[in-house]
Each structure stands twice: as structure tokens, then as C-alpha cells.
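A.B. asks: Submitted below is the structure of interest, expressed as C-alpha cells.
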Amino acid sequence: MLAIRFHGRGGQGAKTASRILGTAAFLEGFVAQDSPIYGAERRGAPVAAFTRIAREPIRERGIVAHPNLVVVADASLIGDPAARVLQGVGEKTVVFVNSPLSAEQFRAETSLPGRLTTLDLTEIVVQHFGKRGAISALLGAVAGRLVGLRQGSIHEAIARELAELGLATSDIERNQAVAHQSYETVQPVAIETGVPQPIVPAQLQAPMYEPPTRGTARISAAANSVLRETGGWRTFRPVLVPDKCNGCWLCFVYCPDGVISMTKDDKPVIDYDHCKGCQICVHECPTDALVAEREKGGGVAWRAK
Amino acid sequence: MWQRETFKKIKQIPSEEHVFPGTSLCAGCGGLESLRLAAKVLGDDVLYVNAAGCFTMLAAYPFTPFKGSWLYTTMGSAPAGAQGVRDALDVLIAKGRLPKEEDLKVVVLGGDGSTYDMALSSTSGALYRGLDFYYFCYDNEAYGNTGMQLSSSTPYGARTATSPCSLQHPAGTIQEKKDIFEIWRAHTPPYIATVAPRYPLDLEEKFARAAKFTGPKLFLALSACPTGWLYDPGETPEVARLAVETGLWPLKEAINGQVTHTYIPKLKPVEDYLKLQGRFRHLFEPTRQDEAIRHIQERVDAYWKRVSG
Amino acid sequence: MAGEMMTGNLAAAWGARLSAVDYIPAFPITPQTEIVEALAKWCESGVMAARFVTMDSEHSMMTAAGAAAATGARVFTATSSQGLLYAMEVLYSISGWRAPLVLVNVSRALASPITLEPDHNDVLAARDSGFLQIHAETCQEVLDSILIAYRIAEDERVMLPVIVNLDGFYLSFTREPVILPAPEQVAQFLPPFRPAHLGFKASAPHALGVAVLGGTPYSYFRHQMHLAAMNALDVHSETAAAFERLFGRRYDVVEGYRLDDAEDVLVMTNAFASRGKVAVDAARAEGRRVGLLRLRMIRPWPADAIRGALRSRRAVAVLDQNLAPGQGGILFQEIAACLYHEALRPRALCSFIGGLGGKNLSEGEFRTIFEQTAEAGVREKGIGPVLLYTEAEHREMTQLQMLAAAPGS
């Protein structure tokens, strides 16, 4: 059995990618299983999805703890402890990362375990669609290539899964085209199935009674959400071009998360630890003083409209 | 002519934040943007009584974005929770067990699913009893936290997961959006207002005005929703602006039942608004549904004719 | 006889009044309504310093009750049957907030078909909600249990809400003498409500009932509720001792009646337990060695006390005034579960279902229970569930069906 784990941010298409892979394997006559895991659906929040592919009936369920292949839709997830991208990743695990960096560059920067391969899917989407968007078809195609599925079944699986989501035929065809490109371009790494880990009995520890101040789902810390950094959600970051700023405050006013503050001389300061990268400030800046820059050395800048 | 008295200029908007970052709400959430602006007037001496909805994720153990307090109740009874808190605070203050300066503003947070559907009975009860509270409805016109299903706030022509477009119903949703403003107004509470995040001074002014009234103070906040309405998160203010400028989302208030429109829009064609959003895309492609678009336009026109006539 | 004549409903209202509650959100439903009517009158006249608010539903009523308790007020409310189920999700919220309040449930069978008279499917539907449950047999016990309930609920080792249950009609509308404790003594018994984890105020903000993601915190908090509920067993025995010292009346988590040398024991709850005691006396008079165990506290489940009362008996009959379709008697299952590990467990466990929808339990039915239970004990093989439903009743039912049927059908 092959176990594949997809990591993405809500809205990037990790769940759909897991379904594309599952459907493609199913179309080729394998037994397949796919499932997502998420809390309340959140655009930008870490999500994971799982596909299992086998020749025999699959009796495992739920999360994939020991993946053969990990597909990472967004490099920022690797540093996000909530995403648990590295859980169960060993030396033999194949890890695909959507990144403009080569596998060697990426490994040098992150010291990621596993056997690495990368491709800049975001760039492919931006080039073909002219804006950021979901990359489910590309992730599905890359995963399909890495596990050795045929391009034809990926093609058909994309049609089925995106039609299920209500995409127009023209959009599906465009997705198939970029998926095709990703399938052809990604550097394959052979997947090896390792020896199963020995199972150790869990050490149980039943908690004792604690006073309700601690023993109740209750938060007495004030405004401690700032301890939780959401900067990793961004695929693009807003960057100030100081000369163009007229100090109008609109970016500060419109920011939903309140991550922009104004200096005494009316210049915006962006809290990149928490900015989710919605780009409202970029869109609303009347003097184009804020521009969007691709995260992680992408260098692809764009301006609203 | 309606005049803003407290908030005349953008730079009068308080810099101090009361809803802190780090929440798991979607990037570009129009509801959060409205709440953040509202909180700048409400301050920190607030208890938010939350109904099930997207905002439930604001306070998720072990993190809260508020310096004020929070109580998660149920989807159908947050106004009743507000009643219990308000009454308890009053009783404890009256009995001398709580100093007056410990008092809190009680603010219900509810999405449109709660507000228009499930909690209508408990809201009506709170209005009937004249409860002194704020009600903040973040209206994204569908059950958003569950992935966008039809609510009675979903407008005609929008596609949701449970009102898909089909041969029988090519427009998707066939019902008209429930007029919750008028339902509230029929109870004659002292203050009701609609707000939109692209009109921050209008929003701040209304919260400042509401503070003068004792009794129910209700706010209907247009919560442009990139995740559910299918547009780029950066376009939230633009979508909100077009909702207002096309006349689909009138900015207004009602004081003791007397309605005033606080902004007279240019009445751009509704198409300008609809076209931006994936939830209306089926009205334009593969074939243009002129009749459905005309229907939406006619209803807006009729509204503005009625209120200006 | 000391005391005053009053109904179970009025005794419940007195329980709230003597407990000096701050807040009463209310909603009418038969057969509970008298309770909130009495409280409304007392609040209006000023003899009670509480705020009384009529809500728009039981769902809203329970939400307001829980929210007020979470704000630091002592809260009382009451409901029945459909009302309890309509409010059900809120019960889980309140126990999760660990907001201690007292809810009186006046038992009434659940629709459909709709009826007014009692059985216990309503209150037992709440058995897993995190509310503690005390079931009363007499009007006096209703009043006393409310005072005891507040003291247990507000203990830092517990901090859980409590349901005090009484049967509709058989207690709610039945007058009998009730001794009213002196308010000063109640004040001595029941300290002021000063919870450490509750009370919204400007100087000490907190978030309560927040979302948790992932199963770990959920498991932890849910388990804390279990530990808190289990703590209530010890807290109850301390409280009962204090109550007895002050008021001279003794309550335990279970009550044994003529158990000393009983071979066979009948297990019951609530008002019909009085009838069961009469039946025990009658059987004893004829030389049958039978006794009765009345369960007073249902949550937490007093397993040790039950085991202690039932070990070494020949046979045990559980009379459930409820029916779980597809399973049988609800309390029978719990009794059976807690006896399984008892080495000296009874040789036969018998399950009887009776008194559904307020149907009477006759002396003859009790006699049948004792006979069948004795036989089961001799055979060493339990029986049931056996529905207590007589031939005469069945004939009456057949008549009704004939009238209900269209001619010729």
C-alpha cells in the first residue's frame, strides 16, 4: 500500500488533489481511499488530506501517520507547527514541495528530511491564469506522476473532480493543461515502501481533577491570539514603497486582521508575523504604494488590477 | 440629510485595536473587518455572546483575540444568553455584589444563519423584552462555517451548495433574501443600522450613535466573503463598495422605527456587483441569464423608488 | 403533624425561595407551571430578591439560566418533558461551562403520543448531559433536595448544575405536609455563591465555552466533568450530614427500605416508590422477605451504595418507569452493569416496565413482581423486560381501538 499525505492551506486545493489522486488510482484498477481533515473550513488555515492506494482492500482509515509521499502545496507550511508536515517523515519518505527553489536549494535552506523534489506550481498558475488560484489539479498531477499513475487517468480524474466542484468546462480544460505541464515537468523520485515501525503500547495517564479555573474550556489570558502567528498563510506579502505612500490610513482602516499600524508620520507598518496576505491593502491603496511580492524569494510582484 | 457628527475624517478612527490578530478566520474576511471597526467604538468592557457560526473560531482554546469577555452559547439562543448575562449583571450590581464600574456591554455575535433562521425566536424575545444589548450580525448570505449552504439571507440568483443551479432553477437560489431589517424594525427597538466594511466612517458613526440608546441596538453588517462568494480576498472592500453603490445593500438606520438612509448610492447596474463573484457566475456564463439579472435589477430599482418616493 | 400542606410544585418554589436565588428565567409547561407562577408572584411582591423573566422558549430559558450562572448569579429554573428536550443542547453547554444552577424537572411522559402524566423518559434523556440528578419521593424531599443541590453544585470540587426531579401529578399537584426550614438556618447551610472560574466583569475578562480543536483538549475537559460528577458522591455525603445536623432529616444517595433480611429487592425511583413501600409491607405481612431500594441520586451513579445494598440477595427486580425502545428499562441496564463485578451478585436480575404515561401501579402488579422475582431467584435466571399491563387494561385498550377505527376497517 502507498500512503500519500497532502498539506495545503484552505483554498489551495489539497483536499481536491487527494481526490484527484484517489480517482485516478481507482480508474487504473487500484483500490483507493481518500479523505480530508480540517476543523471549520478556513481559507488560509492549514489543512491535510490523505490518499491510500493498494492492490488489496484497504483497512486503514483516517490520518496517514507514516506517509510514503508527502505533497506540500505551500512551503510556508513546513515551518508552521500546526500543520505537522514532518510528522512521520523518514529518510525514505518522498517529499514534494511547491517552491521556486530547486530540491538542492530547498534542502540547503530547510534541512528537510526525506527525499526531496520541487516544482513552482504557483508560478505555473500565475502564468496561465494571470492571478493566484487553487492548485489542486497540479498537486494531483504531481502526486500521480510520483506514485507512477498514467497521465490519461489523471486527466480524467481532474475532469471528474473539478466538475463535481461545479467548474465550467473551459476552466477544467485549463486546469488539465497546467496539470499536464506539472506532470511532465516534475522530477520523479522513486518511492520505496519501508519496513513497518514496531508498535509500542501507549502509556496512559488519566488526568486528575483540577479546579474549574483550569479544568474548564476557559481562557483568562487577554488577547493572547497574537501568540499564534498567521504570517505563514501568505503566498504573497504586501510590501510598502515608501516614496509613493501619501499617508491616507486606508490600508490601516481596511485590514480585517488589524495587522497594519500607522507611525506618527502616517506611514503604515505591517506586522508580517500575522498578516495573512489577503492583499486588501494592495487593492485599496490609492497611490499604489503597496505591492504584492511572492513569498520565499519568488520575486513575482504584482499590483492589484 | 444625514450627517456624521463624531466621525468626520478617516484619521478620527481610533488606532487602538480591540480585536487582535492571530485568529483563524479567513484572509480577507469582511465580517472580521466590520467587527474590528465596531470594536474600536465598543472598547474592551464588552462581553461577546457568540452564536454558532464562523466567528466561533475567534476564541479557540487556548487563544482569544479579545481583551474583553466571551461566552459561546448555541446557534439558536445567543440573544437569550445576552438576557441572562445582562440580568445577572444588573442583579449583582443592584445587590452590591458587583461594583458598577465592573459593568459590561453585552454584544451578541451571530451570522446570518443564526440571525435570519435559527435564532429568530430568541432575538424577537430579546427585542420584545427591551433587552439592553447590541446585536452584531455578520451577514455573508449563507451558512458559511459549514461551507456555504442556503440560508434565508441568501439572495435570489446566488448559487450555494444547497441551492445549486439546475435546468429547473438556472438562477440557483429562487427565494428572495429575507428582510431582517424590517422584521427587527417591526419590534421598534431604539436603534437599528446596516453597515458595510468599505464605509468605515458610516460604520463608526453608527456605533457611536447607538451608544446613546438603552435597549436593543442591532447592526446588520455586510460580510463580503471571499471563501463563499468566490472572489479574490483582496477584493473584499471592492465587493462591499459595489454592494452599496448598486443599491443592493442600502446603508441606513432606524431610530425608534424611523428610517434614514445614511448614504445615497449612485445606483450602478447590479451586474457590476454580480460579475465580480463566482456565486453569480452562472448568471453570465455559459449563457447570460438576462431575465434573472433583470429581476435583481428591478427589485433594487423598486426598493429605491419606494424609499425615495 | 408539623409543617404546612403544600404541593410538590409549591415545595419546589419554596426551595428556590429559601435558597435566596438571584435569577429565575421561566417558561410555562404542564405540570411544572405552578412553580414559576408562585415564584413570579413572590418576585413581584418583593418577598424574593430575585429577577424573574418569562422567556420565549425553554431553549432560551436554559440559555439565559446558564449565562446568568456563568455571570455569577444563583439561578433557578424549572421545566418538564418536551421543555427539557427542547432545551437539551443547552444542558450540555451549561455543564461544559461548569455553571452550577438548579433545574427542577417535573416528570411527564414524552410525545408522541402526547400526554400529560409522568414517566421518566424525559429526565433520563438528560442523564449524560453533565447535570447531576436527584430524584425525590415526597414533597418534603423536593424542597430539601433543592437546598442540598445548590450546596453540592456550588462546591469547587463539583461546579456542575443539578436537576431535581419530581413526578408530575403524583407530587406536583399533590398536597402533603412539608416543614419549611427557617431562612436563617438555610443561610447557615448554604454559603454565598462565589465561584472562582465564573463571573464576567470588566477587571477580569475571560472567554468561556470556547471552541477546542483536536480531540485532546475535548477529552480532557469532558473527563474533568466526569471527575467533578464523581466528586459529588463525597460532597453529597458531607452535605447530607450537615443537612441532618441542622434540619434533622437524613438523605442518602440511595434509600433502603426493609432491606435487612430481604431475600429479594425491588429497585425504584421517585413518587411511586411510596407505593412500592406499601407493597413491601403487605408482602412482609404475609411472610415474604422482600425489601425496596430507592435510587435518589441518579447522577453521579452511586455504584458502591447500590452494590452494597444488593449484594448477596437472591433476586433483584428493577422497576423502570421508562422504556428505551429496542433496549428495555434504562435503569435496569445501569444496575446490571454495576453488579457485574460483584462476586456476591444476585442470582437473578429482573426487569419490569411500569407506570408509563402515568399508568397506575396496582397492588396486584406489585404482587406479580414479587412472585415472578422470587421464582426467577429460585431458577437463578432473570426475566424481562416484562411490561406491567393487565388483562383488564388490555380489554379497555381494545375498546378504544374499536372506537378509533373507521367502521368496517
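None of the figures in this text is laboratory data; all of them are computed from the coordinates on show. Remember, it's a predicted structure, so these values are computed and weren't measured experimentally. Note that each Cβ is placed from the backbone with ideal geometry, even for glycine, and that neighbours are counted across all protein chains shown.
A.B. asks: Calculate for chain B the 222 nm mean residue ellipticity that helices alone would give, adding -39,500 (n - 2.57) per DSSP H run of length 4 or more and normalising by residue count, nearest 500 deg cm²/dmol.
C.D. replies: The per-residue figure over chain B is -9000 deg cm²/dmol.
A.B. asks: Same structure, new question: So, by mean Cβ neighbours within 10 angstrom, what's the order for A:167-175, B:93-101, A:268-276 with the highest one leading?
C.D. replies: A:268-276, A:167-175, B:93-101
A.B. asks: Just the Cα atoms of segment C:200-256: what Rg and Dmax do they give in Å?
C.D. replies: Spelled out, the Cα radius of gyration and Dmax of segment C:200-256 are 18.1, 51 Å.
A.B. asks: So if we plug the beta-carbon distance of C:Thr368 and C:Met88 into 1/(1 + (r/R0)^6) with R0 = 22 Å, what FRET efficiency do we get, rounded to 0.05?
C.D. replies: Computed FRET efficiency for C:Thr368 and C:Met88 comes out at 0.05.
A.B. asks: Per the Kirkwood formula on distinct C-alpha pairs, the Rh of segment C:1-135 is how many angstrom? Don't skip to the answer; put the middle values down first.
C.D. replies: Working: mean 1/r = 0.0669 Å⁻¹.
Mean inverse Cα-Cα distance, inverted, gives 14.9 Å.
A.B. asks: Residues of segment C:137-164 with the amide nitrogen closer than 19 Å to a label point 7 Å from the Cα of A:Tyr209, along Cα-to-Cβ, please.
C.D. replies: C:148-163
A.B. asks: In whole angstrom, how long is each semi-axis of the equivalent ellipsoid of segment B:32-78, when you take the square root of 5 times every eigenvalue of its Cα gyration tensor and sort them from largest down?
C.D. replies: Three semi-axes, in Å: 17, 12, 11.
A.B. asks: Also, I was wondering about something else. Can you sort B:Phe219, A:Phe6 by how many other beta carbons sit within 10 Å, fewest first?
C.D. replies: Listed from fewest to most nearby Cβ atoms, that is B:Phe219, A:Phe6.
A.B. asks: Cα gyration tensor of segment A:229-302, axes a ≥ b ≥ c as square roots of the eigenvalues: rounded (a/c below 1.5), prolate (a/b > b/c) or oblate? Display every interim value, and only then the final one.
C.D. replies: On the way: a/c = 1.88, a/b = 1.30, b/c = 1.44.
Oblate, because a/c is 1.5 or more while a/b does not exceed b/c.
A.B. asks: Out of all Cα-Cα pairs in segment C:129-208, roughly what percent, to the nearest whole number, are more than 18 Å apart?
C.D. replies: Counting every Cα pair in segment C:129-208, those more than 18 Å apart make up 55 percent.
A.B. asks: Stokes-Einstein at 4 °C, 1.567 mPa s, Kirkwood radius from Cα pairs: D for segment B:10-308 in µm² s⁻¹?
C.D. replies: Approximately 66 µm²/s, per Stokes-Einstein.
A.B. asks: Based on the Kirkwood radius over alpha-carbon pairs, what is the Stokes-Einstein translational diffusion coefficient of segment A:2-73 at 37 °C with 0.692 mPa s viscosity, in µm²/s?
C.D. replies: So the translational diffusion coefficient is about 271 µm²/s.
A.B. asks: At a threshold of 8 angstrom on Cα-Cα distance, excluding pairs fewer than six apart, so keeping six or more, what relative contact order does chain A reach in percent?
C.D. replies: 15
A.B. asks: If you add up the charges near C:Arg284, with Lys and Arg at +1 and Asp and Glu at -1, over every other residue whose beta carbon is less than 13 angstrom from its beta carbon, what do you get? The partial results should precede the final answer.
C.D. replies: On the way: positive: C:Arg258, C:Lys277, C:Arg288, C:Arg289, C:Arg367; negative: C:Asp260, C:Asp261, C:Glu263, C:Asp264, C:Asp281, C:Glu286.
Taking every Cβ under 13 Å from that of C:Arg284, the sum is -1.
A.B. asks: What pairs from B:Lys105/B:Lys206; B:Lys100/B:Lys212; B:Lys40/B:Lys100 go past 20 Å between their alpha carbons?
C.D. replies: Working: B:Lys105/B:Lys206 16 Å; B:Lys100/B:Lys212 18 Å; B:Lys40/B:Lys100 22 Å.
Too far apart for the 20 Å limit: B:Lys40/B:Lys100.
A.B. asks: Between C:Thr398 and A:Glu104, what FRET efficiency follows from the Cβ-Cβ distance if R0 is 60 Å, with the result rounded to 0.05?
C.D. replies: 0.10
A.B. asks: Under 1.5 on a/c is rounded, so check that first for segment C:248-352, then, if it is not, pick prolate when a/b is larger than b/c and oblate when it is not; a ≥ b ≥ c are the square roots of the alpha carbon gyration tensor eigenvalues.
C.D. replies: rounded
A.B. asks: Taking just the alpha carbons, could you work out the radius of gyration and Dmax for segment A:182-305, both in angstroms?
C.D. replies: Cα radius of gyration and Dmax of segment A:182-305 are 23.1, 64 Å respectively.
A.B. asks: While we're looking at this one, here's another question. Multiply the residue separation of A:Arg59 and A:Thr193 by 0.36 nm, subtract the distance between their alpha-carbon atoms, and state the gained length in nm to one decimal.
C.D. replies: Here the answer is 46.5 nm.
A.B. asks: Taking every Cα atom in segment A:1-135, find the radius of gyration and the maximum pairwise distance Dmax, and write them in Å.
C.D. replies: 14.6, 43
A.B. asks: How large, in Å, is segment A:62-140 by the Kirkwood hydrodynamic radius built from its alpha-carbon pairs?
C.D. replies: Result for segment A:62-140 stands at 13.2 Å.
A.B. asks: Report the equivalent ellipsoid semi-axes for the protein assembly as shown in whole Å, largest first, defined as the square roots of five times the eigenvalues of the gyration tensor built from alpha carbon atoms. Show your work: numbers first, answer last.
C.D. replies: Working: eigenvalues 649, 273, 148 Å².
That gives 57, 37, 27 Å for the three semi-axes.
A.B. asks: Using the per-residue mean of other Cβ atoms lying within 10 Å as a proxy for protection, in what order, highest first, do the peptides C:91-99, C:37-45 fall?
C.D. replies: C:91-99, C:37-45
A.B. asks: Sticking with this one: Between A:Thr287 and C:Leu180, what is the spin-label point distance in nm, taking each point 7 Å from the Cα along the Cα→C-beta axis?
C.D. replies: For A:Thr287 paired with C:Leu180, the spin-label model returns 7.8 nm.
A.B. asks: Label C:Thr216 and B:Ala161 with points 7 Å out from Cα along Cα→Cβ: what is the distance between them in nm?
C.D. replies: A separation of 2.8 nm, rounded to one decimal place.
A.B. asks: Moving to a separate point now. Compare C:Ala111, C:Ala20, C:Ala204 in a GNM of chain C, Cα atoms joined below 10 Å, and give the one with the largest fluctuation.
C.D. replies: It is C:Ala204.
A.B. asks: Calculate how large, on average over all directions, the projected area of the Cα convex hull of chain C is; give the answer in nm² to one decimal.
C.D. replies: Directional mean of the projected Cα hull area for chain C stands at 23.7 nm².
A.B. asks: Cβ under 9 Å from C:Gly72's Cβ, C:Gly72 left aside: what net charge do those residues give with Lys, Arg +1 and Asp, Glu -1? Numbers along the way, then the final one.
C.D. replies: Values: positive: B:Arg97, C:Arg74, C:Arg194, C:Lys201; negative: C:Asp22.
Taking every Cβ under 9 Å from that of C:Gly72, the sum is +3.
A.B. asks: Straight-line reach only, C-alpha to C-alpha below 16 angstrom: list the lysines that B:Lys266 could link to, leaving out same-chain residues fewer than 8 apart.
C.D. replies: Counting by Cα, and skipping residues close in sequence, B:Lys266 has these lysines nearby: B:Lys252, B:Lys305.
A.B. asks: Go through A:Phe106, B:Pro250, B:Tyr48 and say which Cα lies farthest out towards the positive end of the charge dipole of the protein assembly as shown; charges sit on Cβ, +1 for Lys and Arg, -1 for Asp and Glu.
C.D. replies: Looking along the dipole axis, the top candidate is A:Phe106.
A.B. asks: Here's another thing I want to ask about it. Okay, helix-only estimate at 222 nm for chain A: each DSSP H run of n ≥ 4 adds -39500 (n - 2.57), divide by all residues, round to 500 deg cm²/dmol; what do you get?
C.D. replies: Helix-only estimate at 222 nm: -8500 deg cm²/dmol.
A.B. asks: Which number do you get for Rg(Cα) / (2.2 N^0.38 Å) in segment C:4-247?
C.D. replies: Numbers: Rg = 17.0 Å, N = 244, 2.2 N^0.38 = 17.8 Å.
Working it through for segment C:4-247, the quotient is 0.96.
A.B. asks: Here's another thing I want to ask about it. Add -39500 (n - 2.57) for each DSSP H run of 4 or more in chain C, then divide by its residues: what number comes out at 222 nm, to the nearest 500 deg cm²/dmol?
C.D. replies: Dividing the helical sum by the residues of chain C leaves -13500 deg cm²/dmol.
A.B. asks: Still on this structure: Taking the Cα-to-Cβ direction at C:Leu387 and at B:Asp290 and moving 7 Å from each Cα, how far apart do the two end points lie in nm?
C.D. replies: Distance between label points: 6.8 nm.
A.B. asks: Which residue, A:Ala65, A:Ala222, A:Ala163, tops the fluctuation ranking in a GNM of chain A built on C-alpha contacts under 10 Å?
C.D. replies: Evaluated over chain A, the most mobile residue of the options is A:Ala222.
A.B. asks: Considering only the other residues whose Cβ falls under 13 Å of the Cβ of C:Ile330, what net charge follows from Lys and Arg at +1 and Asp and Glu at -1?
C.D. replies: Summing Lys/Arg as +1 and Asp/Glu as -1 gives -3.
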